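Shown next, in structure tokens, is the structure this report addresses.
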Amino acid sequence: MSKQILLTGHVLKTTGDPFADADAVQIHAGHGVLIEGNHIAATGPADRLRAQAPQAEVHDHANRLILPGFVDAHVHYPQTAIIASWGKRLIDWLNTYTFPEESRFGDTDYAARVSGDYLDLALAHGTTTMCSFATIHPASVDAFFEAAAARDMRVVAGKTCMDRNAPDTLRDTAQSAYDDSKALLTRWHGTGRAHYAITPRFSPTSTPEQLEALGALWAEHPDCLMQTHLSEQVDEIAWVRDLYPQARDYLDTYEARGLLGAHGVYGHAIHMEPREIDRLAEVGAAVVHCPTSNTFIGSGLMDLAGLAARGIAIGLATDTGGGSSFSMLRTMAAAYEIGQLRGTPLHARHLLWLATAGSARSLHLHDRIGTLAAGYEADICVLDLASTPAIAQRAANVSDIWEAVFATIMMGDDRAVAQVWVNGRVVT
Ligand code: GUN
Ligand code: ZN
């Protein structure tokens, strides 16, 4: 039998979507998670698990919160080194900071170094899975998947495709985007814990021919995800209207070319027309909320409550490096604040679910990760609910566990991450 490990403490238990049923997310004191090999073998009262597995190596986390590793549903790992760049909105930010940095990923060693640096930062913040854009360089995809495999992490990534409105050094063609994406997908999708996402950056940097070619590739590989950006800033939407005069709206630039479907993951989705919302709901596509990015780049306030009420799958993401933090705690705090500005504050149970099972669902990984239950992979984060003096004094003055958890969500960062497990092995 594989080695058994028992983590005990407060355990986050998820049985469904809290936007449909608030009782679907609970915290149980004095519970545990029993790990066998790479998987969770059982969860339940700590005493019962101790009796069930008397040989297990026990990690008693007492008052800490044991939850699934965070799932960051939209990042750009190549933007790690330009996070927190000052003073530009989306298109100027891309041209001023992002594209020059992404040009450096033609250098394979640089891509390997940033991949490792980014993944180590993510793990230190409790994030065990992410869905990342690479750059146009195929080697930037290889570097990321290789670094993730070395850390045994379940990750999603894809080659970013752009054949116009980008510097020469960052342009492919419709044909090379198809060919390179297909070769990468064949190499990586389903290899170990890797998943491939077909990745047109966004409609302004692809010709209609490139979007069509990637739509054709997706039709050949419908089990792959397709990730892109949608309706992030008002100026961007006006630009899309100019570039695609026939389109009914932004989403239609994708839809008309085979890039709308249940495995589609659309980042930002802030300024949407009713038709776009209807279509996303009808096809079962996912949108990703990137709250620190949406405030940092000045994009706007996504209507998370409205989209959730329509039954649209929603992931939560840092959008590294448009977002201003690697931390899903900071990201949950920003989601809360945006909810407040819209008059729809989210409870801690909604925030934790979005950062774990909700994001996993948006990436179609919810049968493997994002939930602590028997049969799931043992990707786990343990949070210290008194990680700084400021948080500790608040946590000492709570009437229930949710109040303490909320204080860590609002005030916490990587100092709150006490332990991280990836595929059954402790990494921090
Ligand atoms: N839209 C197209 N590319 C990007 C990007 O890199 N970051 C963000 N936030 N939006 C985008
Ligand atoms: Zn993005």
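The values are calculated or read from the model by the stated rules, or taken from the named source; none is laboratory data. Every value quoted in this text rests on a predicted model; they were computed, and no experiment measured them. Glycine also receives a Cβ, built like all others from the backbone with ideal geometry; neighbour counts cover every protein chain displayed. Note: accessible area is taken over every heavy atom of the protein model, side chains too, but ligands, DNA and RNA are not part of it. Shrake-Rupley method; radii C 1.70, N 1.55, O 1.52, S 1.80 Å.
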What is the helix-to-structure angle for 274-283, meaning the angle in degrees between its Cα long axis and the longest Cα principal axis of the chain, kept from 0 to 90 and rounded to the nearest 10? 60 degrees
Nearest-5 percent of antiparallel DSSP beta bridges in the chain? 45 percent
For the stretch 94-252, what's the relative contact order in percent, using C-alpha pairs closer than 8 Å and at least 6 residues apart? 18 percent
What angle do you read, to the nearest 10 degrees and between 0 and 90, between the alpha-carbon axis of helix 401-411 and the longest principal axis of the chain? 40 degrees
Round to a whole angstrom and tell me the spacing of the C-alpha centers of the stretch 229-247 and the stretch 262-305. 14 Å
Reachable lysines from residue 182, Cα under 25 Å, same-chain residues fewer than 8 places away excluded? 159
On C-alpha positions alone, give me the angle between the axis of helix 208-220 and the longest principal axis of the chain, in degrees, nearest 10. 50 degrees
Accessible area in square angstrom per residue, the chain, 1.4 angstrom probe: 36 Å²
Could you put 276, 282 in order of accessible surface area, largest first, with the 1.4 Å probe and the full protein assembly present? 282, 276
Give me the percent relative contact order of the stretch 187-311, please, defined on Cα pairs under 8 angstrom at least 6 residues apart. 23 percent
In whole angstrom, how far apart do the alpha carbon centroids of the stretch 59-122 and the stretch 133-208 sit? 16 Å
Within straight cross-link reach of residue 3, meaning Cα distance under 27 Å, which lysines are found once same-chain residues fewer than 8 apart are removed? 13
Given the peptides 92-102, 380-390, 347-357, arrange them by the average over their residues of other C-beta atoms within 10 Å, most packed first. 347-357, 380-390, 92-102
In a Gaussian network model of the chain with springs linking alpha carbons closer than 10 Å, the residue among 188, 402, 218 that fluctuates most is 402
Can you compute the equivalent ellipsoid semi-axes for the chain, i.e. the square root of 5 times each eigenvalue of the Cα gyration tensor, sorted largest first and rounded to whole Å? 35, 23, 20
Percent relative contact order of the chain, based on C-alpha pairs within less than 8 angstrom and at least six residues apart? 20 percent
So what is the calculated 222 nm ellipticity per residue for the chain, using -39500 (n - 2.57) for each DSSP H run with n of 4 or more, over all residues, to the nearest 500 deg cm²/dmol? -10000 deg cm²/dmol
Total charge dipole magnitude, the chain, about the Cα centre, Cβ charges on Lys, Arg, Asp, Glu only, Debye to nearest 20: 740 debye
How large, in percent, is the carbon and sulfur part of the accessible surface of the chain at a probe radius of 1.4 Å? 50 percent
